[in-house]
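**Student:** Following this message is one structure expressed as structure tokens.
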Amino acid sequence: MKIRWNATLNFLIFMAVLLLVAGFQTTFWFQIFGNVPAPMLWLNLIVYVTLYRKPFPAIFTIYAMGFVLLTFTGMPLKMMWINMLILFTLVYGIKSRVFWSGSGYYTIMCGFSTVAYHLIYFLTSMVLEKNPASFEIVDRLVQIILTPSFAFPMYWVLAKIDKVSQDELVHEPGGLEL
């Protein structure tokens with residue numbers, strides 16, 4: 001069995017980037033901006049993996065990312081993985097219908113994913129937990145606005161990482177390619 005070192009390197013670099021952005025989001029952000037809710041930078045990373053990977057490696061990577069994110073949250077693993085799987089299914093479903101490569105599409109999908117993630121989290125919390133999550137409309141709206149605003153610089157960095165550490169970039173357009 002041939003080990004694909006580029007794929008392994010890419011996976012490890014993405015895990016390091018995940019640790020970096022999650023650490024920035026959970027500690028450094030509040031040192032600078034105080035009580036302003038931090039953007040969900042880790043969600044932008046998950047959207048990138050969903051859009052630019054084949055389905056099975058993307059699911060594996062997203063589950064590994066969910067496991068790593070447990071160190072930064074009090075959310076149980078079942079909630080993390082269920083929310084990520086539902087979000088993956090939504091984003092991949094849209095990608096299979098309409099897809100174009102580039103930062104504009106990625107930013108749009110990050111905006112959609114932020115709204116969808118908040119709704120998914122709120123609904124699954126109501127169904128699965130004894131004490132469901134509070135709605136906190138202002139905090140969620142601030143995150144919905146801030147998260148896609150960081151999508152363009154993150155796309156640029158992640159595309160550079162892919163260009164350096166992968167043999168080929170995966171662009172699987174679905175039905176309509178623009």
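The values are calculated or read from the model by the stated rules, or taken from the named source; none is laboratory data. Bear in mind that the values here come from a model prediction, so they are computed numbers and not experimental data. A quick note on method: Cβ atoms are made from the backbone with ideal geometry, for glycine too, and the neighbour counts reach across all protein chains shown. Note: accessible area is taken over every heavy atom of the protein model, side chains too, but ligands, DNA and RNA are not part of it. Shrake-Rupley method; radii C 1.70, N 1.55, O 1.52, S 1.80 Å.
**Student:** Note down all Cβ pairs under 8 Å where the first residue falls in the range 156-173 and is farther than 20 Å from GLY104 by Cβ, the second is charged (D, E, K, R) and modelled with pLDDT under 85, and they're at least six residues apart or on different chains.
**Tutor:** ASP167/ARG4
**Student:** Here is a follow-up. With in contact with a helix residue (DSSP H, G or I) (Cβ under 6 Å, 6 or more places away or on another chain) and in contact (Cβ under 8 Å) with a residue 60 or more places away in the chain as the only criterion, which of ALA116, ALA151, ALA133 stands out?
**Tutor:** The unique qualifying residue is ALA151.
**Student:** Same structure, new question: When residues of the range 13-34 are filtered for being within 18 Å of THR73 (Cβ to Cβ) and of a type outside the set (A, V, I, L, M), how many remain?
**Tutor:** 8
**Student:** Right, another one. Within the range 27-81, which residues are under 24 Å from ILE145 (Cβ atoms), among the β-branched types (Val, Ile, Thr) and open to solvent by 10 Å² or more (accessible area, probe 1.4 Å)?
**Tutor:** Those that are under 24 Å from ILE145 (Cβ atoms), among the β-branched types (Val, Ile, Thr) and open to solvent by 10 Å² or more (accessible area, probe 1.4 Å): THR27, ILE32, VAL36, THR73.
**Student:** Could we say that LEU19 is touching a helix residue (DSSP H, G or I) at 6+ places or on another chain (Cβ under 7 Å), open to solvent by less than 10 Å² (accessible area, probe 1.4 Å) and on the phi < 0 side of the Ramachandran plot here? Step through it out loud before you land on a result.
**Tutor:** Numbers: touching a helix residue (DSSP H, G or I) at 6+ places or on another chain (Cβ under 7 Å): yes; open to solvent by less than 10 Å² (accessible area, probe 1.4 Å): no; on the phi < 0 side of the Ramachandran plot: yes.
Spelling it out, it is not the case that LEU19 is touching a helix residue (DSSP H, G or I) at 6+ places or on another chain (Cβ under 7 Å), open to solvent by less than 10 Å² (accessible area, probe 1.4 Å) and on the phi < 0 side of the Ramachandran plot.
**Student:** Here is a follow-up. Taking the conditions exactly as written (at pLDDT below 95, small (Gly, Ala, Ser), in a helix (DSSP H, G or I) and surrounded by 12 or more Cβ atoms within 10 Å (Cβ to Cβ)), does SER125 satisfy them or not?
**Tutor:** On the way: at pLDDT below 95: yes; small (Gly, Ala, Ser): yes; in a helix (DSSP H, G or I): yes; surrounded by 12 or more Cβ atoms within 10 Å (Cβ to Cβ): yes.
Yes: the conditions hold for SER125.
**Student:** Then there's this: Hey, any hits in the range 100-110 for a residue that's open to solvent by 60 Å² or more (accessible area, probe 1.4 Å) and at pLDDT 95 or above?
**Tutor:** yes
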